[in-house]
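Student: Here you go, one structure.
Every number here is computed from the coordinates shown, using simple stated rules; none is lab data. Since this is a predicted model, take the numbers as computed values, not measurements. Here the Cβ positions follow ideal geometry from the backbone for every residue, glycine too, while neighbour counts run over all protein chains shown.
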4 protein chains.
Amino acid sequence: MTSDGDRVLRDDRFRRAVLCELARRFYAQGWASGTGGGVALHDHASDGSPARILMAPSGVQKELLLPEDLFVLDAQGTVLEQPAGLKLSACAPLFMHAFTKRGAGAVIHSHSRHAMAATLISGATFRITHLEMIKGIAGHGYHDVLEIPILENTAHECDLADALGAAIDAYPRTVAVLVRRHGVYVWGRSWQEAKTHAECLHYLFAAAVEMRKLGVDAGAIPDEGVM
Amino acid sequence: MTSDGDRVLRDDRFRRAVLCELARRFYAQGWASGTGGGVALHDHASDGSPARILMAPSGVQKELLLPEDLFVLDAQGTVLEQPAGLKLSACAPLFMHAFTKRGAGAVIHSHSRHAMAATLISGATFRITHLEMIKGIAGHGYHDVLEIPILENTAHECDLADALGAAIDAYPRTVAVLVRRHGVYVWGRSWQEAKTHAECLHYLFAAAVEMRKLGVDAGAIPDEGVM
Amino acid sequence: MTSDGDRVLRDDRFRRAVLCELARRFYAQGWASGTGGGVALHDHASDGSPARILMAPSGVQKELLLPEDLFVLDAQGTVLEQPAGLKLSACAPLFMHAFTKRGAGAVIHSHSRHAMAATLISGATFRITHLEMIKGIAGHGYHDVLEIPILENTAHECDLADALGAAIDAYPRTVAVLVRRHGVYVWGRSWQEAKTHAECLHYLFAAAVEMRKLGVDAGAIPDEGVM
Amino acid sequence: MTSDGDRVLRDDRFRRAVLCELARRFYAQGWASGTGGGVALHDHASDGSPARILMAPSGVQKELLLPEDLFVLDAQGTVLEQPAGLKLSACAPLFMHAFTKRGAGAVIHSHSRHAMAATLISGATFRITHLEMIKGIAGHGYHDVLEIPILENTAHECDLADALGAAIDAYPRTVAVLVRRHGVYVWGRSWQEAKTHAECLHYLFAAAVEMRKLGVDAGAIPDEGVM
């Protein structure tokens with residue numbers, strides 16, 4: 001009933017294995033196909049040394065990652081360990097903004113079609129309100145308007161870093177930043193919270209697209225009980 | 001061919017393991033993402049003591065539940081066992097209404113996007129008729145109009161309890177209550193029946209949304225053989 | 001790499017196990033949720049005795065079937081073995097028509113939403129042409145119009161038997177019969193062919209619904225190369 | 001956490017097992033249902049002999065392939081090994097064009113509904129631009145228009161070979177050729193690249209169909225930041 005992957009996630013001590021198992025599950029959900037997407041999370045610093053960051057490499061099949069494939073960075077984003085033959089993700093500076101500006105414990109980058117489509121039906125921000133799953137986003141209630149900033153995409157991922165940092169500053173309540181026609185960066189204090197945020201947001205992105213097809217404005221406060 | 005999870009469900013003696021396996025399968029179907037959704041079921045009372053209720057805790061990843069994570073309640077909803085560090089689900093009073101008012105053996109709470117979307121295209125109730133899968137709902141035939149009451153959602157889940165109790169009273173044939181922009185509560189005399197009801201209802205919710213897109217009114221009696 | 005289920009299907013000697021493994025896979029594809037759907041196939045008659053038919057029982061969770069849960073019927077549909085506490089499927093007389101009128105080696109009954117939706121956009125028959133997957137249906141080429149008769153659904157499944165028999169007679173090339181707002185019966189000379197037919201048909205049902213949404217008439221011969 | 005199939009793909013030495021595992025995964029993604037689709041890849045030539053090509057046979061269930069079921073061809077497409085009772089894929093001459101004209105290391109043929117639907121909304125070529133996943137296609141950037149030629153389908157797959165060869169010549173940057181109302185052929189220098197190309201393209205095909213439903217022209221350069 002319990003798989004090896006379940007055990008790794010519950011145990012939570014072996015962070016390299018946790019990251020690989022998360023990558024496998026994110027791939028299975030369509031967040032990391034075609035070597036896209038990524039994930040980074042804090043490793044334990046049990047000996048009192050500063051926290052280190054584990055990061056999936058660039059351009060590899062995320063569902064086949066092994067613990068030895070991961071980059072290790074310090075809290076300033078300096079690479080401490082570089083697996084042979086692998087390239088640091090171009091997302092690294094973007095991930096670092098969430099770690100340093102928000103004290104994130106984990107950051108997920110998803111290429112989900114739902115995230116991408118949500119940016120096609122949105123202006124400067126993605127807005128949605130009055131859906132139960134909004135409550136899964138830290139600091140938000142059912143009646144709130146959840147607002148996620150959207151960056152315009154660039155040719156090179158690294159060129160998004162400044163804009164992402166600025167969006168994080170401009171939207172102090174946000175736990176994510178969308179990139180138009182690209183995907184989303186999501187974080188949380190722990191990987192569990194980052195995963196919960198990512199699952200809730202992907203639900204909300206898909207819901208907004210479905211609502212558009214049904215002629216319902218996801219960002220508008222509904223007249224309850226009236227159809 | 002037969003997984004450990006299959007064995008647990010067929011054997012059906014180890015109710016804590018059954019609940020965890022069901023939670024894992026409901027997560028895989030999109031009913032419990034982002035720590036949402038829930039499930040509760042009767043434990044055996046082999047020694048003649050009153051039946052006890054097992055309930056998944058609040059705010060945890062439902063696909064990673066362990067048997068020791070479950071709350072135990074008595075038939076009146078009083079907590080008998082509280083797993084360390086976990087919180088009772090806010091759904092508990094809603095689950096209890098199905099147990100006490102309907103003699104349910106199991107209750108499933110789903111955050112499925114299909115259930116949510118079904119409430120967007122419905123008024124005070126969800127209505128559907130002339131679909132074979134309606135026959136999977138206890139007491140209903142193919143030609144019946146299946147009618148599921150819809151509650152307006154509230155900021156806090158516990159505030160739904162009275163309305164859910166009233167809806168159960170007002171719709172004596174219903175095996176489920178929808179919550180607008182939120183999800184659905186479904187029950188059955190056993191977990192097998194609750195699961196069957198939940199699978200049939202999610203099929204019907206999705207079918208109704210698809211029918212809307214195809215310009216077919218799910219709640220209207222069709223002119224058979226005429227297109 | 002190879003699961004126990006894969007081995008059972010490749011080996012193909014243990015027909016009860018084959019049927020259970022197929023049922024599990026059909027459930028996973030949405031053909032048999034809510035205890036719906038079914039499957040029946042020929043058992044070997046290695047001792048020269050007449051072929052026997054194995055059939056999944058009614059009203060049980062198809063993904064949890066065990067080899068001992070199956071009914072055994074003779075070539076005329078008479079029940080030879082009845083598993084304790086289980087009920088013969090109401091589909092039995094429908095399955096028998098495919099076995100006797102067509103010499104089928106296996107019959108699949110699916111409640112897929114795609115099959116159901118295909119009947120909502122069709123008249124007396126489902127018609128589709130100029131799709132590569134049509135070639136997966138025995139006796140059909142790419143340029144053919146594949147035509148599947150559609151029965152009007154009845155309150156009780158057994159009341160469909162005569163109409164299904166008549167449709168099989170009226171459409172000598174068909175390998176399937178749809179039932180409006182219900183699902184589809186599909187067969188083949190072996191379970192492999194029945195499964196291939198079922199996979200191709202479900203693809204075509206879904207394709208026709210998608211084409212409708214894109215404003216393309218699935219039953220019409222396209223102007224090739226012109227958009 | 002790591003399945004046998006993961007190990008086979010990471011190890012990458014046992015190419016027959018790699019091909020079977022890929023076929024299983026492509027089936028699970030809907031690229032090879034109903035015995036459709038296919039895959040071929042280079043085997044190692046560790047002894048200095050010319051590279052050989054492994055190819056899945058025709059008309060079998062691709063998710064149940066065994067290493068001994070594969071055809072072996074030389075670099076000119078001559079069959080070197082023929083598994084008993086199996087038929088060479090009608091795709092063989094099409095696969096060979098990608099191997100010989102492009103030096104492919106692997107070729108994937110998919111019957112995905114998304115690929116098929118993408119041809120329904122396209123003219124002589126499939127065109128898409130300004131989507132991050134375009135960067136997963138070798139030689140393409142975010143701002144490029146990705147253009148995939150579309151062949152008109154024929155009654156017999158072998159009749160497509162000349163047109164596919166001509167399309168490969170006419171579109172020197174393309175890594176794929178679509179076939180109208182049929183599917184797509186995709187290749188890469190290695191199976192890893194072919195799989196990455198296939199995953200990115202299937203994402204883009206599905207995205208284009210979704211964009212059409214949302215009223216967005218996938219082939220047009222967007223006015224960034226303006227909705």
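Student: Each residue of segment C:67-72 in order: what ³J(HN,Hα) in whole Hz does its phi give by Karplus 6.51 cos²θ - 1.76 cosθ + 1.60, θ = phi - 60°, with x for Gly and Pro?
Tutor: x, 7, 7, 8, 7, 10
Student: If you average the C-alpha positions of segment D:128-193 and of segment D:1-79 separately, how far apart do those two centres end up, in angstrom?
Tutor: A separation of 21 Å, based on Cα centres.
Student: Copy-to-copy spacing for residue C:214, label 7 Å out on the Cα-to-C-beta vector, in nm, shortest first?
Tutor: 1.8, 1.8, 2.5
Student: Which value in nm describes the separation of the simple spin-label points at residue B:68 and residue C:102, placed 7 Å from the Cα toward the beta carbon?
Tutor: Here the answer is 5.5 nm between the modelled labels.
Student: Express the C-alpha Rg of segment C:98-227 as a ratio against the empirical globular expectation 2.2 N^0.38 Å, rounded to two decimals.
Tutor: Dividing the Cα Rg of segment C:98-227 by 2.2 N^0.38 Å gives 1.02.
Student: Taking θ as phi - 60°, what are the ³J(HN,Hα) couplings along segment B:115-130 by the Karplus curve (6.51, -1.76, 1.60), each to the nearest whole Hz, with x for Gly and Pro?
Tutor: 5, 4, 5, 4, 6, 6, 10, 10, x, 6, 9, 8, 10, 8, 8, 6
Student: To the nearest 10 degrees, how steep is helix C:15-28 against the longest Cα principal axis of chain C, on a 0 to 90 scale?
Tutor: Approximately 40 degrees, to the nearest 10.
Student: Could I ask something else about it? Amide H neighbours of residue C:89 under 5 Å, counting only residues 5+ apart in sequence or on other chains, H built in-plane at 1.01 Å?
Tutor: The list, which skips near neighbours in sequence, is C:58.
Student: Considering amide H positions built from the backbone, and no H for Pro or chain starts, which residues 5 or more places from residue B:52, or on another chain, come under 5 Å of its amide H?
Tutor: B:43
Student: Something else now. What is segment D:1-96 by shape, rounded, prolate or oblate, if you read a ≥ b ≥ c off the alpha carbon gyration tensor as root eigenvalues and call it rounded for a/c under 1.5, prolate for a/b larger than b/c, and oblate otherwise?
Tutor: Cα axes put segment D:1-96 in the oblate bin.
Student: Further question: Would you work out if chain C is rounded, prolate or oblate? Take a ≥ b ≥ c from the square roots of the eigenvalues of the alpha-carbon gyration tensor; rounded if a/c is under 1.5, else prolate when a/b is larger than b/c, oblate otherwise.
Tutor: prolate
Student: If you plug each phi of segment D:187-202 into the Karplus form 6.51 cos²θ - 1.76 cosθ + 1.60 with θ = phi - 60°, what whole-Hz ³J(HN,Hα) values come out, in order, with x for Gly and Pro?
Tutor: Listing the rounded values in order: 9, x, 5, 9, 5, 4, 6, 4, 5, 4, 4, 5, 5, 5, 5, 5 Hz.
Student: Using only the alpha-carbon atoms, how far is helix B:92-102 inclined from the longest principal axis of chain B? Give it as 0 to 90 degrees, nearest 10.
Tutor: 70
Student: Using just the helices of chain B, give the 222 nm mean residue ellipticity in deg cm²/dmol: DSSP H runs with n ≥ 4 each add -39,500 (n - 2.57), and the total is spread over all residues, rounded to 500.
Tutor: When only DSSP H runs of four or more count, the value is -10000 deg cm²/dmol.
Student: Quick one: label points 7 angstrom along Cα→Cβ at residue D:72, distances to the other copies in nm, smallest first?
Tutor: The answer, with the shortest distance listed first, is 4.4, 4.4, 6.3 nm.
Student: Here is a further query. When only Cα pairs under 8 Å and 6 or more residues apart are kept, what is the percent relative contact order across segment A:17-96?
Tutor: Numbers: 137 pairs, mean separation 21.8, N = 80.
Value for segment A:17-96: 27 percent.
Student: In addition: To check my understanding: the extent here is largest minus smallest coordinate of the Cα atoms along each principal axis. What are those three numbers for the protein assembly as shown, in Å, largest first?
Tutor: Each principal axis gives a Cα extent; for the protein assembly as shown these are 75, 74, 48 Å.
Student: How big is the charge dipole of chain B about its Cα centre, in debye rounded to the nearest 20, if each Lys and Arg gets +1 on its Cβ and each Asp and Glu gets -1 on its Cβ? Before the final figure, lay out each step's value.
Tutor: Numbers: 22 positive and 26 negative charges, 36 e Å.
Here chain B has a charge dipole of around 180 debye.
Student: Oh, and also: Given charges of +1 on the Cβ of Lys and Arg and -1 on the Cβ of Asp and Glu, with all other atoms neutral, how large is the dipole of segment B:32-118 about its Cα centre, in debye to the nearest 20?
Tutor: It works out to roughly 440 debye.
Student: Relative contact order for chain C: what is it in percent, counting Cα pairs under 8 Å that are at least 6 residues apart? Present the calculation step by step, with values, prior to reporting the outcome.
Tutor: Working: 431 pairs, mean separation 40.2, N = 227.
That works out to 18 percent.
Student: While we're on this one: Relative contact order (percent) for segment C:139-227, with alpha-carbon contacts under 8 angstrom and 6 or more residues of separation? List each step's numbers first, then the result.
Tutor: Values: 68 pairs, mean separation 17.4, N = 89.
The normalised contact order for segment C:139-227 reaches 20 percent.
Student: Count the lysine pairs in chain C whose Cα atoms sit under 27 Å apart, keeping only pairs 8 or more residues apart in sequence or on different chains.
Tutor: 9
Student: Counting Lys +1, Arg +1, Asp -1, Glu -1, what net charge surrounds residue C:99 among other residues with beta carbon under 13 Å of its beta carbon?
Tutor: Combined, the nearby Lys, Arg, Asp and Glu give +2.
Student: Label points 7 Å out from Cα along the Cβ direction at residue C:58 and residue D:166: separation in nm?
Tutor: In this crude label model, residue C:58 to residue D:166 measures out at 5.9 nm.
Student: Here's a follow-up. Tell me which A residue has its C-beta closest to the axis rotating A onto D, and the distance in Å?
Tutor: Axis-proximal residue of A, distance in whole Å: A:213, 5.
Student: Separate question: Add +1 for every Lys or Arg and -1 for every Asp or Glu among the other residues with Cβ under 11 Å from the Cβ of residue D:200, and state the total.
Tutor: So the environment of residue D:200 carries a net charge of -1.
Student: Note down the net charge around residue B:90, summing +1 for each Lys or Arg and -1 for each Asp or Glu among other residues with Cβ under 12 Å from its Cβ. List each step's numbers first, then the result.
Tutor: Details: positive: A:135, B:87; negative: A:132, B:157, B:159.
The answer is -1.
Student: Contour minus end-to-end for residue D:87 and residue D:7, with contour as 0.36 nm per residue of separation and end-to-end as the Cα-Cα distance?
Tutor: 25.9 nm
Student: Under the convention of a label 7 Å out along Cα→Cβ, give the distances in nm from residue D:144 to the same position in every other copy, shortest first.
Tutor: For residue D:144, the inter-copy label distances come out at 4.2, 4.2, 5.9 nm.
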